[in-house]
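The values are calculated or read from the model by the stated rules, or taken from the named source; none is laboratory data. Since we're looking at a predicted model, the values are computed, not measured. Cβ sites come from the backbone with ideal geometry, for glycine too, and all protein chains shown count toward neighbours. In case anyone asks, the SASA skips ligands and DNA or RNA and just uses the protein heavy atoms, side chains included. Shrake-Rupley method; radii C 1.70, N 1.55, O 1.52, S 1.80 Å.
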Amino acid sequence: MKELLVKSKNPKALDETLNQLGGLVGQKSNGEYESVKPDTYAVRAVSGDIGFLKFSIQNQGYAEIVGERDI
């Protein structure tokens, strides 16, 4: 399984958008969005297939993909 690392100034808006597409932005147990680096967040697919989210983020400009990693 993989996750994307994306740059976003507004992780809440990104999360709300990706929820509709079957994805989510990683959060801490207190509900805050967990940044990997400043303004960089992990995005996961609920189904485990990150391909559709990657395509959507790249082609719709929801965020800037800066990496991908195995989880």
**Item:** Every residue from the range 3-19 that is under 15 Å from residue 49 (Cα atoms) and surrounded by fewer than 15 Cβ atoms within 10 Å (Cβ to Cβ)
**Value:** 19
**Complete:** Checked the range 25-54 for anything free of Cβ contacts under 8 Å to residues at least 40 places away in the same chain and open to solvent by 70 Å² or more (accessible area, probe 1.4 Å); matches are 27, 28, 29, 30, 32, 34, 37, 38, 46, 47, 49, 52
**Asked** List the pairs whose first member sits in the range 10-23 and is without any contact (Cβ under 8 Å) to a residue 40 or more places away in the chain, whose second member is of a type outside the set (Val, Ile, Thr) and part of a loop (DSSP other than H, G, I, E, B), and whose Cβ atoms are under 6 Å apart, counting only residues at least 6 apart or on separate chains?
**Response** 22/47
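Scan the range 1-36 for residues that are among the basic types (Lys, Arg) and either part of a loop (DSSP other than H, G, I, E, B) or more than 18 Å from residue 70 (Cβ to Cβ) (or both) and jot them down. Break it down into steps so the answer makes sense when it comes.
So the first thing to find is which residues in the range 1-36 are among the basic types (Lys, Arg), and the list is 2, 7, 9, 12, 28.
Residues satisfying the conditions are 7, 9, 12, 28.
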